[in-house]
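Reviewing the structure listed below.
The values are calculated or read from the model by the stated rules, or taken from the named source; none is laboratory data. This one's a predicted model, so the numbers in the text were calculated from it and none came from an experiment. Here the Cβ positions follow ideal geometry from the backbone for every residue, glycine too, while neighbour counts run over all protein chains shown.
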Number of protein chains: 2
Amino acid sequence: MSNHQNDLIFIGKKPLMTYVTSTIVQLATRPSVTIKARGLTTSIAIDVAQLVIKKTKPAFEISNVCIGSESLVSSDGRNRDVSTIDISIKRTIA
Amino acid sequence: MSNHQNDLIFIGKKPLMTYVTSTIVQLATRPSVTIKARGLTTSIAIDVAQLVIKKTKPAFEISNVCIGSESLVSSDGRNRDVSTIDISIKRTIA
């Protein structure tokens with residue numbers, strides 16, 4: 001299966017543990033998973049990453065954290081910049 | 001002056017631009033500044049970093065992003081883990 005979309009977990013409005021579980025499920029079959037979030041959910045992304053690491057200790061580690069911003073057009077037609085975060089989690093080399 | 005405390009900007013409850021201004025002021029005299037935040041303010045820290053980079057473009061860049069968690073004792077006496085973020089901004093090598 002070469003569907004790389006599955007390597008991404010987008011953080012939305014579901015309960016926190018939903019994302020923790022899906023990340024751990026994805027990590028079972030893939031070498032690395034990236035957690036992506038933007039705006040106010042960026043803090044939830046960090047919580048998810050920390051929980052995944054804590055629950056699966058010492059199997060996985062955070063390999064990279066990237067922050068950036070994206071330009072969105074809001075409902076009133078103006079451009080708004082929102083902050084984004086990408087957290088990559090990979091298997092620890094034993 | 002060897003007071004390294006000034007290299008840190010802690011994100012709290014002040015308006016966003018307060019932190020953007022203090023970061024830029026600190027960067028004028030120091031090689032690098034670290035923006036620190038925990039809990040829900042982590043998303044504000046990312047906004048601050050993005051605004052600093054955007055406003056001073058191309059003078060500074062993000063050199064490192066670190067995420068972690070801290071254990072706090074909440075008011076009801078229980079331990080709570082909160083997520084933290086440290087964003088380092090340094091001068092671009094011209």
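Could you check A:Phe60 against (1) modelled with pLDDT of 90 or more; (2) within 19 Å of B:Thr42 (Cβ to Cβ) and say which number it fails?
A:Phe60 satisfies every listed condition except (2).
Is it the case that the range A:27-41 has a residue that's under 20 Å from B:Val48 (Cα atoms), within 12 Å of chain B (Cβ to nearest Cβ) and β-branched (Val, Ile, Thr)?
The answer is yes, given that some residue of the range A:27-41 is under 20 Å from B:Val48 (Cα atoms), within 12 Å of chain B (Cβ to nearest Cβ) and β-branched (Val, Ile, Thr).
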